[in-house]
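Student: This is the structure I want to talk about, given as structure tokens.
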Amino acid sequence: MIGGAFAGYDYQWIEAFGRAGGFTALDGFSTHPYVFAEGKKGTPDSAVHHLDELKKLIDRLAPGRNVRVYVTEAGWPVHTGANGVTEQQQADYLQQFMLLAKSRPWIAGVWWYDLFDDGDDASDKEHRFGLIDRAGGKRPALQALAGMRARLAAP
């Protein structure tokens, strides 16, 4: 069973969840390691650092259980507002994040958010996470992901 769907890094909540026995029934913990709001510090390295800390905490709270981590949302928005990234940065961040995640055998999977942009407002971050824009144009991040397919599939 997978639980959590945890966004952010409220380690106190995870501590309370674990102490209440939350990890006894879980095989996996779902998380959304969004760090883009950290501005220039919000890089793939930062996101994976948070995942490493999360895994250490889970292992301490659920000794011997080998609870795997599922990254059920990850992404960087291409928008004109604060903390937006360029299309090339999004592509670079996707590649870096995927390779860092693959290097951690306890990460059971990564789901990139989002396939398509959700709206037309270039200044709204929620409208600009897509790998494909509203007109159907493929962003460099989609092409980067496609180029990594074999490498990510390899054991």
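The values are calculated or read from the model by the stated rules, or taken from the named source; none is laboratory data. In this text, all values refer to a predicted model and were calculated from it rather than measured experimentally. As a convention, Cβ positions derive from the backbone with ideal geometry for all residues, glycine included, and neighbour counts pool all protein chains shown.
Student: Which is touching a strand residue (DSSP E or B) at 6+ places or on another chain (Cβ under 9 Å) and at pLDDT 95 or above, of Ala91, Ala101, Ala144?
Tutor: None of the other options fit; the residue is Ala101.
Student: Among what's in the range 1-58 and is of a type in the set (Phe, Trp, Tyr) and touching an Asp or Glu at 6+ places or on another chain (Cβ under 8 Å), pick the residue that is nearest to Gly75 (Cα to Cα).
Tutor: Tyr34
Student: Gly119 passes all but one of (1) of a type in the set (Gly, Ala, Ser); (2) closer than 17 Å to Ala141 by Cα; (3) touching a helix residue (DSSP H, G or I) at 6+ places or on another chain (Cβ under 6 Å); which number fails?
Tutor: Gly119 satisfies all of (1) of a type in the set (Gly, Ala, Ser); (2) closer than 17 Å to Ala141 by Cα; (3) touching a helix residue (DSSP H, G or I) at 6+ places or on another chain (Cβ under 6 Å) except (2).
Student: Taking the range 1-15, which residues are in a loop (DSSP other than H, G, I, E, B) and out of contact with any Phe, Trp or Tyr (no Cβ under 8 Å at 6 or more places or on another chain)? Show your work before the answer.
Tutor: Filtering the range 1-15 down to residues in a loop (DSSP other than H, G, I, E, B) leaves 1, 8-10.
Residues satisfying the conditions are Met1, Tyr9, Asp10.
Student: Among the residues in the range 128-144, are any in contact with a His (Cβ under 8 Å, 6 or more places away or on another chain) and under 23 Å from Ala5 (Cα atoms)?
Tutor: Within the range 128-144, one or more residues are in contact with a His (Cβ under 8 Å, 6 or more places away or on another chain) and under 23 Å from Ala5 (Cα atoms).
Student: Now, a different point. So, in the range 48-86, of the ones that are among the β-branched types (Val, Ile, Thr) and in a helix (DSSP H, G or I), which residue ends up nearest to the chain's Cα centre (by Cα)? Break it down stepwise before answering.
Tutor: Taking the range 48-86 as the starting set, the residues that turn out to be among the β-branched types (Val, Ile, Thr) are 48, 58, 67, 69, 71-72, 78, 80, 85-86.
Remaining after also requiring in a helix (DSSP H, G or I): 48, 58.
On the way: Val48: 8, Ile58: 17 Å.
Here the answer is Val48.
Student: Starting from the range 138-155, take each residue that is over 17 Å from Ile107 (Cα atoms) and surrounded by 17 or more Cβ atoms within 10 Å (Cβ to Cβ) and list its partners that are at pLDDT 90 or above and among the charged types (D, E, K, R), counting only C-beta distances under 6 angstrom and pairs at least six apart or across chains.
Tutor: Arg139/Glu87; Pro140/Glu87
Student: Gly42 fails exactly one of the following numbered conditions: (1) surrounded by 20 or more Cβ atoms within 10 Å (Cβ to Cβ); (2) within 25 Å of Asp121 (Cα to Cα); (3) within 14 Å of the chain's Cα centre (by Cα). What is the number of that condition?
Tutor: Among (1) surrounded by 20 or more Cβ atoms within 10 Å (Cβ to Cβ); (2) within 25 Å of Asp121 (Cα to Cα); (3) within 14 Å of the chain's Cα centre (by Cα), the lone unmet condition for Gly42 is (1).
Student: While we're here: In the range 1-28, what count of residues is obtained for those that are over 12 Å from Leu57 (Cα atoms) and in contact with a strand residue (DSSP E or B) (Cβ under 9 Å, 6 or more places away or on another chain)? Quick ask: steps written out before the conclusion?
Tutor: Within the range 1-28, the first condition is being over 12 Å from Leu57 (Cα atoms), and the residues that meet it are 1-8, 20-22, 24-28.
Among the residues that remain, those that are also in contact with a strand residue (DSSP E or B) (Cβ under 9 Å, 6 or more places away or on another chain) are: 1-8, 22, 25-28.
Residues in the range 1-28 being over 12 Å from Leu57 (Cα atoms) and in contact with a strand residue (DSSP E or B) (Cβ under 9 Å, 6 or more places away or on another chain): 13 in total.
Student: I'd like to verify a number: residues in the range 16-37 that are closer than 16 Å to Arg65 by Cβ and either touching a Leu at 6+ places or on another chain (Cβ under 7 Å) or not in a strand (DSSP E or B) (or both), how many? Can you show your working first?
Tutor: Going residue by residue through the range 16-37, those that are closer than 16 Å to Arg65 by Cβ are 17-30.
Filter once more, so that each one left must be either touching a Leu at 6+ places or on another chain (Cβ under 7 Å) or not in a strand (DSSP E or B) (or both): 17-27.
Total meeting the criteria: 11.
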